[in-house]
Each structure stands twice: as C-alpha cells, then as structure tokens.
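Participant: Please find one structure pasted underneath; my questions will follow.
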Amino acid sequence: MLLVLVVALGLIAAAAVSVLHDGLSSRAQPSALETAIARSARKMAAPSGAHNTSNPVPDSPDVQREARLHFADHCAICHGNDGSGNTMLGGGLYPKPPDLRAEETQKLSDGDIFWIIENGVRLTGMPAFGGAGTEHDHDVEDTWKLVRFIRHLPSLTAEEKLEMEKYNPKGPEDRNEEQEENNFLNGGSTKPPAKSDHPHH
C-alpha cells in the first residue's frame, strides 16, 4: 500500500511540474505529457458517432472558395490563412493553435473536425461555433465546407492566400493604409482619412 501511495504521489508531483512549467505563462509550450492527455481527453469527449460521420457536402471549386473566404474572415486571426497557427493572437494562446496542415490534424476524420468546429475545445482558445439559439449560430453546412477547406490547406496556393488576405479582418490602421493605396492608384491624395472620435477596442 505504501509503495502504491508513493508512486501515486510521484505521478501527481510529476504532472504538477509538467503543467506548471514556466509558471502559468501562456507563452510556454505544452509538455509531451500535457499534449498526450489533451489528445486523449478530446478523443473521449467526442460522441462515438461523431468520428464516423461523413461529410455530406460534395467538394467543388465553389465550395472551396466559399470556405476559404469564410476561414479568412472567421478563423485566420488565430490559425493564419495557411492554417499554420503562426499569428500574433495564436502565438499568445495556451496551448497554441495546432498546425492544421500537419498529420496530427489531417489524420482526424471529417466527423472529428466537424465536431471540434461545432463544439470547440475546453481550456483552449477554440470556441464552439455551433449551437442553436446563440448569436454565433450558423449554418451547419458552413462547417462541413470548412472541413473541405481544411483538407485542402496542405496544398493551398500562393494565389489563394493572396485572395484570403483581402477578407481578413482589418483594424483602423489597416483600413487607412488601404485607403491611401487606393487613393494613390486612383490619382487622388494619399492623405489618410480623418480618425473617428469614437475609440476602437
């Protein structure tokens, strides 16, 4: 009994050290133990039927473009247009957004990816985008289209990335710079528009 207790306490101490490495900073990288536990927990959390659910939306150029622009507007702020997760916001999250192009994501089933988008992942920055009656409620078909796009991410082209940049959310400074460029190209003044009296948050 004493040996079992000592081993259990040792495991608890090792887990605590693993979780609390680098303090509680979100700049830290999750340890191998945390990553393994998180993946197992995610797998157990999904309903048994989710894994085997097939994507009902056929793939097509139109579906890819619609999903690509949706991703640029809603998802790229954390995941990046290329799905790498190398963004300012993504870099400040703990754990960091996964590289959606990597094998660890691509080997998930369509049903798994759909479930994650719809339900989010607890204790991460991934919100739930599904759910009837919420202000974030959206068409389930949009989620299935996003699954199609995530499958395409490993072969995303430079032209597709460039198009996505036009649909990324923009702050006041980005809009001013864009306006200056448009004015210059149209032969007008490059003076930026007057700033609003209302602060942006």
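The values are calculated or read from the model by the stated rules, or taken from the named source; none is laboratory data. None of these values were measured; they are calculated from a predicted model. Cβ: placed from backbone, ideal geometry, glycine included. Neighbour counts: every protein chain shown. Side chains included, ligands, DNA and RNA excluded: accessible areas come from the protein's heavy atoms. Shrake-Rupley method; radii C 1.70, N 1.55, O 1.52, S 1.80 Å.
Participant: Of everything in the stretch 112-130, what is open to solvent by less than 40 Å² (accessible area, probe 1.4 Å) and β-branched (V, I, T)? Give them in sequence order.
Facilitator: Correct list: I113, I116, I117.
Participant: Being part of a helix (DSSP H, G or I), of a type in the set (V, I, T) and open to solvent by less than 40 Å² (accessible area, probe 1.4 Å) is the filter here, so list the residues in the stretch 36-75 that pass it.
Facilitator: V63
Participant: Could you check the stretch 1-19 and list, in sequence order, the residues that are farther than 19 Å from P97 by Cα, open to solvent by less than 100 Å² (accessible area, probe 1.4 Å) and modelled with pLDDT under 65?
Facilitator: Within the stretch 1-19, A13, A14, A15, A16, S18 qualify.
Participant: Let me ask something additional. Can you name the residue in the stretch 22-35 that is open to solvent by 70 Å² or more (accessible area, probe 1.4 Å) and under 16 Å from I12 (Cα atoms) and, of all such residues, is modelled with the highest pLDDT? Full working, then the answer.
Facilitator: Taking the stretch 22-35 first, the residues open to solvent by 70 Å² or more (accessible area, probe 1.4 Å) are 22, 24, 27, 29, 32-33.
Next, only the ones that are under 16 Å from I12 (Cα atoms) stay: 32-33.
Numbers: A32: 78, L33: 74.
Among them, the one singled out is A32.
Participant: On to the next question. Please find, within the stretch 93-111, the residue that is nearest to R122 (Cα to Cα) out of those that are open to solvent by less than 40 Å² (accessible area, probe 1.4 Å) and either within 11 Å of the chain's Cα centre (by Cα) or not acidic (D, E) (or both). So that I can check it myself, show each step before the final result.
Facilitator: Of the residues in the stretch 93-111, the ones open to solvent by less than 40 Å² (accessible area, probe 1.4 Å) are 97, 100, 102, 105, 108-111.
Cutting the leftovers down to either within 11 Å of the chain's Cα centre (by Cα) or not acidic (D, E) (or both) gives us 97, 100, 102, 105, 108-109, 111.
Values: P97: 13, L100: 18, A102: 21, T105: 17, L108: 18, S109: 20, G111: 18 Å.
That would be P97.
Participant: What number of residues within the stretch 142-175 are part of a loop (DSSP other than H, G, I, E, B), open to solvent by less than 70 Å² (accessible area, probe 1.4 Å) and modelled with pLDDT under 95?
Facilitator: Result for the stretch 142-175: 2.
Participant: A follow-up question, please. Only helices (runs of 4 or more DSSP H) wholly contained in the stretch 76-121 count here; list those with 1 or more residues that are in contact with a Phe, Trp or Tyr (Cβ under 6 Å, 6 or more places away or on another chain).
Facilitator: Ranges flagged: 110-119.
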